[in-house]
Amino acid sequence: MTRLLIVDDHTIVREGLRLLLEDAPEIEVVGEAANGLQAVEQAAALQPEVILLDLMMPGLSGLEAARRILAQQPQCRIIVLTSFAEGPDVRAAMQMGVAGYLLKDVLKEDLLLAIARAARGEPVLHPEAQRKLIQHIANPTPETEPLTERETEVLKCIARGLSNREIAEALHITEGTVKGHVSNILSKLHLQDRTQAALYAVKNGLAEK
């Protein structure tokens, strides 16, 4: 029987996964975690063989949680279970050593198969994630530059849908300064517009929930 830990910041997702997997006689759901820090703590306490791990969580991200767990328990098999199949996320997760990368639209039988394969040490990759990874290898995108603390604050405001004037008022800076920060953000992250910036913030756990 495979000992499994479920990690997702949405209660309904955790409950749904537990109900889905409780019928499988070969799987024992030993615990749940609602964020990255809990995931690290629960992994250490419960010693699961496989972890279903969401990437987009408040506080400690799924990727950082995976890094810490694998550093402490390299034998643990982590399956990223998320809504996004973006190339950088797939690449970062696979380079970190996770066992698999699945999207949340995965069918029950495919999820059960993925858990069984991960427990045996076999890699698991959702077809769409695989396509993104191959696409990135064929056409690598430029590396992004790290944002300053102020730029990160501005990006969070963009994700909230604030205008430049509203961001200026919220951060007590001039509207011209905000425009400069927005320009730097788009340039550093290789994004085209504010919509892409807001989506980037959501995907990287920078948007308020």
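The values are calculated or read from the model by the stated rules, or taken from the named source; none is laboratory data. Please read all numbers here as calculations on a predicted model, not as lab measurements. Here the Cβ is made from the backbone with ideal geometry for all residues, glycine too, and neighbour counts use every protein chain on show.
Report, by residue number, each residue of region 165-186 that is closer than 18 Å to TYR200 by Cβ and touching a residue at least 12 places away in the same chain (Cβ under 8 Å).
ILE167, VAL178, HIS181, VAL182, ASN184, ILE185
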Practice item. Determine whether THR148 is modelled with pLDDT under 80, surrounded by fewer than 19 Cβ atoms within 10 Å (Cβ to Cβ) and either on the phi < 0 side of the Ramachandran plot or touching a Gly at 6+ places or on another chain (Cβ under 7 Å) (or both). Key: no
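Can you tell me which of ILE185, ILE158 is in a helix (DSSP H, G or I) and in contact with a Lys or Arg (Cβ under 7 Å, 6 or more places away or on another chain)?
The match here is ILE158.
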Check your understanding: Mind checking which pairs have a first residue in region 107-136 that is exposed (fewer than 13 other Cβ atoms within 10 Å of the Cβ) and a second that is at pLDDT 90 or above and outside any helix (DSSP H, G or I), Cβ under 8 Å, 6 or more apart or different chains?
Key -> GLY121/ARG77
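Scan region 1-46 residue by residue and report those that are among the acidic types (Asp, Glu), in contact with a strand residue (DSSP E or B) (Cβ under 7 Å, 6 or more places away or on another chain) and free of Cβ contacts under 8 Å to residues at least 24 places away in the same chain.
Within region 1-46, GLU22 is the sole residue that qualifies.
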Review point. Just to be sure, is VAL30 of a type in the set (A, V, I, L, M, F, W, C), over 22 Å from LEU125 (Cα atoms) and not in a helix (DSSP H, G or I)?
Key: yes
Check your understanding: Of the residues that make up region 46-68, is at least one surrounded by fewer than 19 Cβ atoms within 10 Å (Cβ to Cβ), at pLDDT 95 or above and of a type in the set (Val, Ile, Thr)?
Key -> no
Practice item. Name every residue in region 1-20 that is more than 15 Å from ASP54 (Cβ to Cβ) and crowded, with 19+ Cβ neighbours inside 10 Å, in order of residue number. Key: THR2
Point to revise | Criterion (of a type in the set (Gly, Ala, Ser) and over 29 Å from TYR200 (Cα atoms)) met by exactly one of GLY16, GLY31 | key: GLY31
Practice item. Would you mind stating whether LEU55 is in contact with a strand residue (DSSP E or B) (Cβ under 8 Å, 6 or more places away or on another chain), under 20 Å from LEU199 (Cα atoms) and in a loop (DSSP other than H, G, I, E, B)? Key: yes
Review point. Any chance region 51-72 includes a residue that's free of Cβ contacts under 8 Å to residues at least 24 places away in the same chain and farther than 23 Å from ASP110 by Cα?
Key: yes
Point to revise | Only one of GLN192, GLN196 that is at pLDDT below 90, surrounded by fewer than 16 Cβ atoms within 10 Å (Cβ to Cβ) and either in contact with a strand residue (DSSP E or B) (Cβ under 8 Å, 6 or more places away or on another chain) or not in a helix (DSSP H, G or I) (or both) | key: GLN192
